[in-house]
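Inspection log for the structure reproduced underneath, given as C-alpha cells.
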Amino acid sequence: MCGITGFVDFTNKSNSQILNQMSGSLAHRGPDGQGTWLHQFESGQVGLGHRRLSIIDLSTSASQPMSYDGLHLVFNGEIYNYIAIRDQLIALGHKFETQSDTEVILHAWRQWGEDAIKQWRGMFAIVLYDQKLDELICIRDRAGVKPFYYYQHNGLFLFGSELKSFLPHPGFHKEINPDAVASFLQYGYVAWPHCIYNNTFKLAPGHLLRLDLKTKSSQIKSYWNVYDYYDKPRLHISLPEAIEETERILQQSFQYRMVADVPVGVFLSGGYDSTCVTTLLQQNSTERIKTFTIGSVDNKLDEAPYAKVIASRLGTDHTEYYCSAAEALAIIPELPEFYDEPFADSSAIPTMLVSRLARLQVTVALSADAGDEIFAGYNRYDYITRYGNKIAAIPAPLRQTLVYAMDRISSERIPYLRNTHNFHGRYDKFRNLLRNPSPAELLKNLTLVFTDDEIGRLFTKPVTELRTAHQTSKLDEGYDALSYMMAVDYQTYLVDDILQKVDRATMSTGLEGREPFLDQHIIEWAAQLPSEYKYHQKQKKYILKQIVHKYIPKEMMDRPKMGFAIPIESWLSKELKPLVKLYLSEERIGKHGLFNANAVTHIVNQFYAGRKEKHLQIWYLLMFEMWYEKWMINE
C-alpha cells in the first residue's frame with residue numbers, strides 16, 4: 001500500500017522539485033520511503049512519484065518507481081496471487097531480482113500486455129509508462145478499492161491517489177464544479193467519474209486509461225464490469241450446495257488477504273461480515289489472529305461487547321478500546337485534511353479511531369466491507385422486497401391522481417402529521433415513488449439526503465444532475481429489483497462512500513486496509529446466485545448467516561445491527577452547535593456564493609426548532625463548508 005502521483009506535461013513546465021512536492025503531500029500514505037522518476041520525451045515530460053508503505057519484500061530493491069525493459073511503474077495496492085503469476089513467468093524465461101509483486105506486474109505486462117489484468121487478484125491503482133510505445137497506461141482495480149484521480153487540461157495530465165497531490169503543481173487550477181457539490185449534498189460523496197473540481201475525474205473501477213504521448217490523445221476502456229455477471233443466467237443449484245460453495249470461495253479469497261511480510265489484523269465489529277472474515281481465517285490459522293474493536297463509553301449502542309465475546313469464542317488476540325465522545329469529536333476538525341474531497345459519512349470517525357488502534361500493532365488490517373452489497377444486507381433491500389411491488393401494483397391512474405393531489409397539498413398543511421419525525425421528507429419521497437415506482441426511483445428515494453426540489457431551492461444558480469452509475473438503465477429490463485439495487489450499490493455507494501472512507505482512514509495513519517469480500521471471484525459467483533438465496537424467507541444476508549452459524553451459535557449473533565453509533569443529531573444540538581453557527585452563517589455561505597443563505601438559515605432554524613430529521617442536511621452542509629475552508633481558503 002502506498003501513495004502514487006505524477007504527470008505528463010506537454011507544456012514542459014514541470015521539474016523534479018514539483019514532482020517531489022507532489023509526492024511529499026502523500027507522506028501519510030507511505031512513511032517508509034519516497035521515490036521519483038522524471039523523463040524528458042520528444043514533446044514533453046513524464047514524472048512518476050511514489051510514497052512507500054513496505055508490505056511485501058521490505059528491502060530497498062523493491063522500491064518504486066520500478067523499471068524493466070522500457071516499462072516504468074508506480075503502483076498502489078497488492079496483487080495477492082503474485083507468487084503463482086511469477087512462477088508462470090519464470091517458466092517462460094523471466095528472471096526476477098526482488099520478491100515483490102511490483103516486479104511481477106512489470107514482467108506480466110511485458111509478457112501479456114492488457115491480458116495480464118485477467119490474472120491479477122487484488123486491489124490496485126497502477127501507472128505504467130511504456131517508453132517503447134510512448135504511452136502512459138493507468139489501471140484501477142475491479143471494485144475500486146484503490147482510488148485514482150486524474151486532471152486533464154491545457155496540455156497537462158496529472159494523476160494521484162489523493163487530490164492534494166495535484167495542488168503543488170502550478171498548472172493545476174482549482175475550480176469548483178457546482179454540479180458536483182449538488183451531487184455531494186444528495187449522496188454524501190461525489191460519484192465517479194466526477195470530481196469536486198472542474199477538469200478533474202476519478203478513473204472508474206474496472207477501467208484503464210491510455211494516454212498516447214505522440215498524439216496527446218487519451219482513451220478509456222472497461223476491462224471488467226459487475227453487470228456482466230448479473231447478466232448471466234441464474235445458477236441451477238440447491239441452497240445447501242450454494243452455501244457450501246460460497247464458503248469455499250470465501251475461504252480462499254480471505255486467505256489471499258493474509259499475504260504480507262508484516263503483521264496483519266482484522267477489524268472485528270461483532271456483526272456478521274467481520275465475524276465471517278475472522279471466523280474463516282482463524283479456522284485455518286495455527287496462530288491467533290489479531291482483532292481490533294472500537295467502542296464508546298458514552299453510547300452503549302455499539303457492538304464492541306459482542307465483538308469481545310466472539311473474539312473470546314474464536315480465540316483471537318483481541319484488542320478493544322472504548323473512546324469518549326470528546327475523543328470522537330476531536331476527529332471532526334481533521335476530516336477535511338484526509339478527505340480532501342467533500343465527504344459526509346460520519347462513520348469515518350470510528351474508522352479513523354480503529355485504524356489508529358490497529359496501527360500500534362499491525363501494518364495491515366482487513367475490513368469486512370461489501371458483505372451487504374453482495375449478499376443483500378441493507379434495510380433498503382428489505383423495503384424493496386416487501387413494498388416495492390405493492391406500490392408498483394397501484395393502478396397508474398390512481399397513482400397519478402394521488403400525485404396530483406399531493407403536488408397541491410403541502411406537507412406543512414397536514415394537521416398532526418406535520419409535527420411527526422421526518423414526515424415531510426417521507427411525504428416528498430412517497431410522492432416521487434407514486435410518480436415513478438421503479439427500482440431506480442426507490443433506491444434514489446431511500447438514499448438521498450436532499451431531494452431534487454430542495455437542491456433547486458438551495459443553490460443560487462441552476463445545477464445539473466451528474467450522469468453517474470446511479471442512473472444506470474443496464475438492469476432495468478428483465479431483472480428483479482433486489483439484483484438491480486445490489487448491482488448499483490456495488491458500483492456507487494460501495495466505491496465512493498465505503499471504500500473511500502476506509503482508504504483515507506487507514507492511510508491517514510500509514511495502515512494498509514484490505515477488503516477480503518472484494519475478491520472478484522466472490523461477486524462473480526454471488527451475482528449468479530438466485531436472489532431468494534440471499535434474501536431468504538424475509539432474512540437478509542441469509543447465505544452468509546448460515547456460514548457463520550456453523551461456527552458461532554445463532555443466539556450469539558441474533559441481534560439488531562448496530563455498529564458504532566455516531567450521535568450526529570445530538571452533537572449538532574449541543575457540542576457542534578458553535579461550529580454550525582460559525583460555518584453556516586450568512587458570512588461564510590457568502591464566501592463562495594453557491595448557496596442561497598436564506599435557504600441554509602431556514603434549514604438550520606428548522607432543526608433547532610425541533611425538526612430533528614434535518615440533522616443530516618446540516619451535517620452535509622457543515623462537512624462541505626469545513627472542506628471549503630481547508631482547501632479553497634486556507635490552502
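The values are calculated or read from the model by the stated rules, or taken from the named source; none is laboratory data. Keep in mind that this is a model prediction, so the values were computed, not measured. When we count neighbours, we look across all protein chains shown, and the Cβ atoms used for this are built from the backbone with ideal geometry, even at glycine.
Would you list the strands (runs of 3 or more DSSP E) that sit entirely within region 33-99 and hold 3 or more residues that are crowded, with 16+ Cβ neighbours inside 10 Å?
It comes to 33-41, 44-52, 71-79.
Exactly one of these conditions fails for residue 171: (1) buried (at least 22 other Cβ atoms within 10 Å of the Cβ); (2) closer than 21 Å to residue 5 by Cβ; (3) touching a Leu at 6+ places or on another chain (Cβ under 8 Å). Give me its number.
So the condition that residue 171 fails would be (1).
(1) assigned to a helix (DSSP H, G or I); (2) assigned by TED's automatic domain parsing to the domain that holds residue 265; (3) closer than 30 Å to residue 360 by Cβ: which one isn't true of residue 509, the others all being true?
(1)
Residue-by-condition table, conditions (1) modelled with pLDDT of 75 or more; (2) within 18 Å of residue 606 (Cβ to Cβ); (3) outside the structural domain of residue 600 (by TED's automatic domain parsing):
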residue	(1), (2), (3)
405	yes, no, yes
413	yes, yes, yes
420	no, yes, yes
423	no, yes, yes
441	yes, no, yes
444	yes, no, yes
457	yes, yes, yes
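For region 124-142, check the following and say yes or no: at least one residue is in contact with an Asp or Glu (Cβ under 7 Å, 6 or more places away or on another chain), assigned to a loop (DSSP other than H, G, I, E, B) and touching a residue at least 60 places away in the same chain (Cβ under 8 Å).
no
Of all residues in region 530-561, count the ones that are assigned to a loop (DSSP other than H, G, I, E, B) and surrounded by 21 or more Cβ atoms within 10 Å (Cβ to Cβ).
2
Take the residues of region 286-297 that are modelled with pLDDT of 90 or more and of a type outside the set (Val, Ile, Thr): which is nearest to residue 319 (Cα to Cα)?
So, considering only residues that are modelled with pLDDT of 90 or more and of a type outside the set (Val, Ile, Thr), the one nearest to residue 319 (Cα to Cα) is 292.
Within the bounds of region 565-575, is there any residue that is surrounded by fewer than 18 Cβ atoms within 10 Å (Cβ to Cβ), in contact (Cβ under 8 Å) with a residue 40 or more places away in the chain, of a type in the set (D, E, K, R) and in contact with a His (Cβ under 9 Å, 6 or more places away or on another chain)?
Yes, the conditions are met somewhere in region 565-575.
Go through the residues of region 587-601 one by one and say whether even a single one is over 30 Å from residue 293 (Cα atoms), surrounded by fewer than 16 Cβ atoms within 10 Å (Cβ to Cβ), more than 26 Å from the chain's Cα centre (by Cα) and in the same structural domain as residue 325 (by TED's automatic domain parsing).
No: zero hits.
Go through (1) over 17 Å from the mean Cα position of the chain (by Cα); (2) at pLDDT 85 or above and name the single condition residue 346 misses.
Evaluating residue 346 over (1) over 17 Å from the mean Cα position of the chain (by Cα); (2) at pLDDT 85 or above leaves (1) as the failure.
How about region 214-303: which strands (runs of 3 or more DSSP E) wholly inside it have at least 3 residues that are surrounded by 15 or more Cβ atoms within 10 Å (Cβ to Cβ) and not assigned by TED's automatic domain parsing to the domain that holds residue 55?
Qualifying strands (runs of 3 or more DSSP E): 264-267, 290-296.
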